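As structure tokens, the structure follows; a few thoughts come after it.
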Ligand SMILES: [Zn+2]
């Protein structure tokens with residue numbers, strides 16, 4: 001049987017099969033975490049919006065958004081067949097993303113959304129994650145200072 005699809009077309013098609021593209025991108029991000037020795041993350045941690053990864057201590061929720069499913073402005077394409085359906089579907093995903101971010105932030109989470117295409121740039125992604133983690137640690141420390149009694153204070 002002749003292969004009717006080019007490699008690019010095939011990866012576009014596979015990327016649209018829900019779940020498939022996402023597992024590959026999650027594995028990619030895990031590889032980046034390992035490479036840069038970023039620890040403390042968990043997968044499938046059950047909170048609102050089901051982030052792909054959470055850093056529980058730092059309260060950072062990480063989402064990896066598929067370029068197709070979340071309508072990336074660079075690679076997001078709408079299939080010609082059933083264009084109306086796909087456009088509505090992607091729009092719903094994007095609205096959901098916004099709602100999830102608002103709800104999580106309201107309960108003290110830092111939300112980090114990464115595009116699937118960003119994962120090609122290992123160093124950039126790792127630095128982004130590290131920056132967010134550092135920001136969280138910093139604000140946690142400040143919160144703790146308010147809770148703690150002043151030095152020398154006795155009850
Ligand atoms: Zn993209």
Kindly establish whether residue 45 is modelled with pLDDT of 95 or more and touching a strand residue (DSSP E or B) at 6+ places or on another chain (Cβ under 6 Å).
no
Number of the condition not met by residue 132 [criteria: (1) within 16 Å of the ligand (Cβ to nearest atom); (2) at pLDDT 95 or above]
(1)
Residue by residue through the range 53-72, note down the ones that are within 16 Å of the ligand (Cβ to nearest atom) and at negative phi.
63, 64, 65, 66, 67, 68, 69, 70, 72
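Yes/no per residue for (1) in contact (Cβ under 8 Å) with a residue 12 or more places away in the chain; (2) outside any helix (DSSP H, G or I); (3) over 21 Å from residue 86 (Cβ atoms):
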{"residue": "29", "(1), (2), (3)": "yes, no, yes"}
{"residue": "32", "(1), (2), (3)": "yes, no, yes"}
{"residue": "37", "(1), (2), (3)": "no, yes, yes"}
{"residue": "49", "(1), (2), (3)": "yes, yes, yes"}
{"residue": "54", "(1), (2), (3)": "yes, yes, yes"}
{"residue": "58", "(1), (2), (3)": "yes, yes, yes"}
{"residue": "62", "(1), (2), (3)": "yes, yes, yes"}
Given the structure, is residue 99 part of a helix (DSSP H, G or I) and in contact (Cβ under 8 Å) with a residue 60 or more places away in the chain?
no
State which residue pairs qualify: first residue within 14 Å of residue 67 (Cβ to Cβ) and inside the range 82-95, second residue surrounded by 11 or more Cβ atoms within 10 Å (Cβ to Cβ) in any location, beta carbons under 6 Å apart, and separation of 6 or more residues or different chains.
86/78; 86/79; 90/71; 93/69; 93/70; 94/71
Considering 100, 78, which residue is at pLDDT 95 or above and surrounded by 13 or more Cβ atoms within 10 Å (Cβ to Cβ)?
100
Scan of the range 73-91 for residues that are more than 13 Å from the ligand (Cβ to nearest atom) and on the phi < 0 side of the Ramachandran plot, ordered by number
78, 79, 80, 81, 83, 84, 85, 86, 87, 88, 89, 91
One residue is enough: does the range 103-117 have a residue meeting the conditions in a helix (DSSP H, G or I), under 14 Å from the mean Cα position of the chain (by Cα), away from the ligand (no atom under 16 Å from the Cβ) and surrounded by 13 or more Cβ atoms within 10 Å (Cβ to Cβ)?
yes
Could you please give the count of residues in the range 64-88 that are outside any loop (DSSP other than H, G, I, E, B) and in contact with a strand residue (DSSP E or B) (Cβ under 6 Å, 6 or more places away or on another chain)?
2
Which one of 28, 34 is under 22 Å from residue 122 (Cβ atoms), out of contact with any strand residue (DSSP E or B) (no Cβ under 6 Å at 6 or more places or on another chain) and modelled with pLDDT of 95 or more?
34
Apart from one, (1) more than 28 Å from residue 135 (Cα to Cα); (2) surrounded by 11 or more Cβ atoms within 10 Å (Cβ to Cβ) all hold for residue 84; the odd one out is (2)
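The values are calculated or read from the model by the stated rules, or taken from the named source; none is laboratory data. For clarity, every value in this text was computed on a predicted model and none was experimentally measured. Heads up, the Cβs are rebuilt from the backbone with ideal geometry, glycines too, and the neighbour counts pull from every protein chain shown.
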